[in-house]
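Report on one structure; see the data block that follows.
The values are calculated or read from the model by the stated rules, or taken from the named source; none is laboratory data. Predicted model, so just to flag it, every value in this text is computed and none were measured. Please note: Cβ atoms are built from the backbone with ideal geometry, for glycine as well, and neighbour counts cover all protein chains shown. In case anyone asks, the SASA skips ligands and DNA or RNA and just uses the protein heavy atoms, side chains included. Shrake-Rupley method; radii C 1.70, N 1.55, O 1.52, S 1.80 Å.
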Amino acid sequence: MWYDAARVVSARVGRVLYRPTIEGLANVPEHGPVILAANHLSFCDSVVIPLAVPRRVRFLAKAEYFTGPGVKGRMSRAAFTALGAVPVRRGTGREAVDALELGLRCLKDGGVFSIYPEGTRSPDGRLYRGRTGVAHLALTSGAPVVPVGLIGTERIQPIGARLPRISSITVRFGEPLDFSTGYDHLKTGRARRQVTDEIMAAIQRLTGQQEAGVYNERSREG
């Protein structure tokens, strides 16, 4: 109830201020599990996607957003909780596995889970190579993947900017991709790589971004 009320109010305010162009929203299933796989240009991407989708969207957010001190910390915790964020300590090994398990749990419950296959924000606007966690979610859960193309969000809050700016943005939802069959003959690593590359190609068609061809190894800020 709190999520629905906060989302409605925030979505209305956002549409008045930024007048976003939202395309292909009908491609997001009204019911059942679905993975939203998006490019990542700005901190505000994790606000834009939940506000654009009528269903509740769960996504991973740094645990630090939930543990900050003082008034600012409480405001951050309340905002991310209202948006459907799941706190996670990011790193390698066990932390990465735990993050994917949270995603699978959401999908098993029939929910919407959003993920950035690039892993972190693009430092230069290019589309970086996807990491295979998104494929693991898709192949394990059987949930469809809806590619999401975000355009212009980097102008709202460029890397290093403390406050958001007013700028037009576009959110494009592509047609759902079904990976529930057709990959059993491939070894696990190969299947995940192929599925991830197909997802990233679909995102690129939505955004028109130049492909970097490498992983984004920049320090993970968000």
Subject >> Options 135, 99: the member that is modelled with pLDDT of 90 or more and open to solvent by less than 30 Å² (accessible area, probe 1.4 Å) >> reply: 135
Subject >> Tally of residues being out of contact with any strand residue (DSSP E or B) (no Cβ under 7 Å at 6 or more places or on another chain) and assigned to a helix (DSSP H, G or I) across the range 99-128 >> reply: 5
Original post:
(1) open to solvent by less than 60 Å² (accessible area, probe 1.4 Å); (2) assigned to a loop (DSSP other than H, G, I, E, B): which one isn't true of residue 175, the others all being true?
Top reply: (1)
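Please state which one of 131, 172, 121 is basic (Lys, Arg) and out of contact with any Phe, Trp or Tyr (no Cβ under 9 Å at 6 or more places or on another chain).
Working: 131 fails: out of contact with any Phe, Trp or Tyr (no Cβ under 9 Å at 6 or more places or on another chain); 121 fails: out of contact with any Phe, Trp or Tyr (no Cβ under 9 Å at 6 or more places or on another chain).
Matching residue, one of 131, 172, 121: 172.
Yes or no, residue by residue, for (1) within 14 Å of the chain's Cα centre (by Cα); (2) among the hydroxyl-bearing types (Ser, Thr, Tyr):
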site: 119; (1), (2): yes, no
site: 134; (1), (2): yes, no
site: 149; (1), (2): yes, no
site: 168; (1), (2): no, yes
site: 179; (1), (2): no, no
site: 197; (1), (2): no, no
site: 204; (1), (2): no, no
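How many residues, within the range 19-46, are of a type in the set (A, V, I, L, M, F, W, C), assigned to a loop (DSSP other than H, G, I, E, B) and in contact with a helix residue (DSSP H, G or I) (Cβ under 8 Å, 6 or more places away or on another chain)?
From the range 19-46, those of a type in the set (A, V, I, L, M, F, W, C) are 22, 25-26, 28, 34-38, 41, 43-44; that's our starting set.
Next, only the ones that are assigned to a loop (DSSP other than H, G, I, E, B) stay: 28, 41, 43-44.
Keeping just the survivors that are in contact with a helix residue (DSSP H, G or I) (Cβ under 8 Å, 6 or more places away or on another chain) gives 41, 44.
Of the residues in the range 19-46, 2 are of a type in the set (A, V, I, L, M, F, W, C), assigned to a loop (DSSP other than H, G, I, E, B) and in contact with a helix residue (DSSP H, G or I) (Cβ under 8 Å, 6 or more places away or on another chain).
Has the range 159-171 got at least one residue that is of a type outside the set (A, V, I, L, M, F, W, C), surrounded by fewer than 23 Cβ atoms within 10 Å (Cβ to Cβ) and modelled with pLDDT of 95 or more? So that I can check it myself, show each step before the final result.
From the range 159-171, those of a type outside the set (A, V, I, L, M, F, W, C) are 160, 162, 164-165, 167-168, 170; that's our starting set.
Okay, now just the ones that are also surrounded by fewer than 23 Cβ atoms within 10 Å (Cβ to Cβ), so 160, 162, 164-165, 167-168, 170.
Cutting the leftovers down to modelled with pLDDT of 95 or more gives us 170.
There is at least one residue in the range 159-171 that is of a type outside the set (A, V, I, L, M, F, W, C), surrounded by fewer than 23 Cβ atoms within 10 Å (Cβ to Cβ) and modelled with pLDDT of 95 or more.
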Subject >> The lone exception for residue 154 - which of (1) of a type in the set (D, E, K, R); (2) surrounded by 16 or more Cβ atoms within 10 Å (Cβ to Cβ); (3) more than 27 Å from residue 97 (Cα to Cα); (4) without any contact (Cβ under 8 Å) to a residue 60 or more places away in the chain it fails >> reply: (4)
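Say we look at the range 18-77 and pick out the residues that are of a type in the set (A, V, I, L, M), modelled with pLDDT under 80 and crowded, with 17+ Cβ neighbours inside 10 Å; which of these is nearest to the chain's Cα centre (by Cα)? Steps first, answer last, please.
Kept after step one, since they are of a type in the set (A, V, I, L, M), are these residues of the range 18-77: 22, 25-26, 28, 34-38, 41, 47-49, 51-53, 57, 60-61, 63, 71, 75.
Pick out the ones that are also modelled with pLDDT under 80 and you get 60-61, 63, 71, 75.
Filter once more, keeping what is crowded, with 17+ Cβ neighbours inside 10 Å: 60-61.
On the way: 60: 8, 61: 10 Å.
Applying the filter and picking the extreme gives 60.
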**OP:** Give the number of residues within the range 165-222 that are under 19 Å from residue 24 (Cβ atoms) and aliphatic (A, V, I, L, M).
**Re:** 9
Original post:
Based on what the data block shows, is residue 192 part of a strand (DSSP E or B) and not aromatic (Phe, Trp, Tyr)?
Top reply: no
Original post:
Among the residues of the range 195-222 satisfying the criterion of being among the polar types (S, T, N, Q), buried (at least 16 other Cβ atoms within 10 Å of the Cβ) and modelled with pLDDT of 95 or more, which is nearest to residue 153 (Cα to Cα)?
Top reply: 207
